[in-house]
Structure formats: structure tokens, C-alpha cells
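The values are calculated or read from the model by the stated rules, or taken from the named source; none is laboratory data. Here the structure is a predicted model, which is why all the values come from computation and not from measurement. Every residue, glycine as well, gets a Cβ built from its backbone with ideal geometry; the counts of neighbours run over all protein chains shown. What goes into the accessible areas is simple: the full protein's heavy atoms, side chains included, and nothing from ligands, DNA or RNA. Shrake-Rupley method; radii C 1.70, N 1.55, O 1.52, S 1.80 Å.
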Amino acid sequence: GENMNTDKVWTNEKVLIPAIIQDANTKSVLMLGYMNKDSYTKTLETKKVTFFSRSRQCLWTKGETSGNFLNYISSEIDCDKDTLLVQAINEGPTCHLEQYSCFGDEIFSFQRLETIIKKRKDNKKKGSYTNTLLKKGNKEIAKKIAEEANELAISAVSNDGRILDEAADLMYHLQVLLIANNYCLNELEMTLSKRNK
């Protein structure tokens, strides 16, 4: 959140500080840019990440030409008060080379799987197993979860070397259930985080 006093960051309005942009969902680093007080203020006002271009000596909003905006979520300042960490969600590739981030392609994660399942929910694809499950609803999804949990338990007890495969099946079906009920992994993490106190 906005737990920072920007006056302490920008004692001088012209000063540039590095801003690390992180995917708010996956926590992958998307890019690094530089911000001055004006670009940071504009970022907060427009909710689109805006930098100061050192080569052109002017403000630039990421995506103003490509359409690949970085939608601002929140920011924090580091312990030395000289680097920003910005949480954002990218619309399309962040890198000018058409990659997910300036550091390469997105690594596969549960968050990536969540995005794929959500896309299936919004844009139905003929013959898609995910769409079939979502269409059948909670009863069918719950049945599959029970089956997969049972297969995982059998695998663990029989030590047949299939624990990871069965656990992957269970996690996939669990994520389909969450999305079918309009929940997301972040909410699941917050629930666990409350118990961790």
C-alpha cells in the first residue's frame, strides 16, 4: 500500500530513483525504469505506471504507443529510501521485444495457470476440458477433486512414484473450483496468512 512518505523520497523534485516493476500476481520482475516526483504523481493519478525518460528528458507512460500499459496497484519504498518497488498488472507484453517481461518469458506458476483458467472461463473454447468442467459446475468439480485427492492418497501410501503427477491433478482441479466460485489464489494466500499469525 501507500505506506511511504514521498516527501522523504523526493527532497529534490528533479531527483530520479529506480522503480522496479513487479507483476502484482506472480511477483515476477517485469522491468526497471526511473521515476521523478512528477512521474510518480502521474502514476498515482492515472493508475498507469509512468516513468521519466532519461534519453528524451520527459515523462512517458508505459504503453502510450504500444497499448501495453502497466496498471498500477501499489508501491513501497526500500529501507534506504532510494528505490521504489511498484506492483502492477501488465496488459500484454511489458518488453518492447514482445516478451512478458524485460527479463524474458513468464515462468510457469500457479498464478500463470490461474490466468489460463480465467481466460477459458471468459472465452469458451470448444473441446476444452476446463470449459466442460466449468459448465458442469461445483458438483462435477467437487467430484473430480475427491477423486484426485483419493488418487494422491493411494499414490502416497503405495509409494508408486506418482505423487507429483497426482498432486498436480489435484491442484489444477482445486484452481478450477476457486475460479468457478470467483475466488483467486491471492485470497487463498491471505486466508493462510491470517492463520500463520
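Details
- Contour minus Cα-Cα distance for Lys81 and Asn12 (0.36 nm per residue): 23.5 nm
- Protein accessible area in region 142-196, 1.4 Å probe - carbon and sulfur %: 58 percent
- Note on surface exposure: Glu64, Glu106, Glu91 rank Glu64, Glu91, Glu106 by accessible area, highest first, 1.4 Å probe.
- Taking 7 Å steps out from each Cα toward its Cβ at Asn71 and Arg54 produces label points 3.1 nm apart.
- C-alpha center-to-center spacing [region 108-146, region 154-194] in angstrom: 13 Å
- Among the protein heavy atoms, those of Arg54 account for about 140 Å² of accessible surface (1.4 Å probe, every chain in place).
- Taking the C-alpha atoms only, the angle from helix 37-46 to the longest principal axis of the chain is near 40 degrees.
- A simple charge model with +1 on the Cβ of Lys and Arg, -1 on the Cβ of Asp and Glu and nothing else charged puts the dipole of region 17-85 at about 220 debye relative to its Cα centre.
- Taking every alpha-carbon pair within region 106-197, the share separated by more than 19 Å comes to 48 percent.
- Looking at the chain, the accessible area is 62 square angstrom per residue; that uses a 1.4 Å probe and ignores ligands, DNA and RNA.
- Stretchable slack from Thr61 to Thr132, in nm (0.36 nm times residue separation minus alpha-carbon distance): 21.5 nm
- What the pair-distance distribution of the chain shows, using all Cα-Cα distances binned every 10 Å from zero, is 8, 26, 27, 20, 13, 5, 0 percent.
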